[in-house]
1. So if I check each of S25, S47, S54, which one is modelled with pLDDT of 90 or more and of a type outside the set (K, R)?
2. How about region 26-60: which of its residues are among the small types (G, A, S) and either under 21 Å from V102 (Cβ atoms) or touching a Gly at 6+ places or on another chain (Cβ under 7 Å) (or both)?
3. Residues of region 80-101 being assigned to a strand (DSSP E or B), over 17 Å from S52 (Cα atoms) and of a type outside the set (D, E), which ones?
4. Could we say that E77 is within 21 Å of Q154 (Cβ to Cβ), of a type in the set (D, E, K, R) and touching a Leu at 6+ places or on another chain (Cβ under 7 Å) here?
5. Give me the residue from region 62-112 that is on the phi > 0 side of the Ramachandran plot and at pLDDT 85 or above and, out of that set, farthest from the chain's Cα centre (by Cα).
6. Among the residues in region 41-54, are any in a strand (DSSP E or B) and crowded, with 17+ Cβ neighbours inside 10 Å?
7. Which residue, of V89, V64, V28, V16, is exposed (fewer than 11 other Cβ atoms within 10 Å of the Cβ) and either touching a residue at least 24 places away in the same chain (Cβ under 8 Å) or closer than 26 Å to L153 by Cα (or both)?
8. Only one residue in V28, V53, V102 is β-branched (V, I, T) and more than 22 Å from V148 (Cβ to Cβ), so which one is that?
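The values are calculated or read from the model by the stated rules, or taken from the named source; none is laboratory data. The structure displayed is predicted, hence computed values, not measured ones. Using ideal geometry, Cβ is built from the backbone for each residue, glycine included, and neighbour counts are taken over all protein chains shown.
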Amino acid sequence: MQQKRWIRFATLVMAVIAAYALAVSLLVPRLVERELKAMLEAEAGLSLTMGSVSVNPFTLSLSVTDFSLFGGENTPEVSIERLVAGIHVLSAFERTWILREVELIRPRLVLRYSGGEAAGFSRLSAALSRLRDRKPSLANASIAVFTVHSGELQAPGRPAPAG
């Protein structure tokens, strides 16, 4: 009788773990994509496209492919082939983003110049500042390790340096 009780208990624990993994793996990517797109559009006037979003419920890591931010142009001002973030468990309790690590793989930033200044970057920077002001949890975010692999900066129309 004691052995059957342990078998039921172990089965229940495995079922709870499986339900957690399934719920996090299926629901969180959709929630992240929907909320991030809505927040960036409503708060910062930016549009966002993403390829795929996946979450590992056991390591608390988030992976996004083909991440692109548009600030009004037809070509993205920021694009990242792959973004990986490790979320610290304390994020849930501190009410802010605490990230163990953020890794950007092949990010590309395009600076469009107009009238001698980087118009696209200025607009993007202002939009992100507005977003930070409206969403204090983003302003207080903490990142322990930030890594960039094979980044690229493009500056079409950049004026020649004086001299």
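1. Answer to the check: S54.
2. A44, G51, S52, S54
3. Initial filter on region 80-101 (assigned to a strand (DSSP E or B)): 80-87, 98-101.
Then drop every residue that is not over 17 Å from S52 (Cα atoms), which leaves 87, 98-101.
Within region 80-101, I87, I98, L99, R100 meet the criteria.
4. Working: within 21 Å of Q154 (Cβ to Cβ): yes; of a type in the set (D, E, K, R): yes; touching a Leu at 6+ places or on another chain (Cβ under 7 Å): yes.
Against the criterion (within 21 Å of Q154 (Cβ to Cβ), of a type in the set (D, E, K, R) and touching a Leu at 6+ places or on another chain (Cβ under 7 Å)), E77 qualifies.
5. Going residue by residue through region 62-112, those that are on the phi > 0 side of the Ramachandran plot are 66, 72, 95, 106.
With the extra rule that they be at pLDDT 85 or above, the set shrinks to 66, 106.
Values: D66: 11, R106: 15 Å.
Once the filter is applied, the top-ranked residue is R106.
6. Applying the first criterion (in a strand (DSSP E or B)) to region 41-54 yields 47-49, 53-54.
Next cut, crowded, with 17+ Cβ neighbours inside 10 Å only: 48, 53.
Yes: region 41-54 contains one or more residues that are in a strand (DSSP E or B) and crowded, with 17+ Cβ neighbours inside 10 Å.
7. Being exposed (fewer than 11 other Cβ atoms within 10 Å of the Cβ) and either touching a residue at least 24 places away in the same chain (Cβ under 8 Å) or closer than 26 Å to L153 by Cα (or both) holds for just one of V89, V64, V28, V16, which is V89.
8. Residue meeting the stated conditions: V28.
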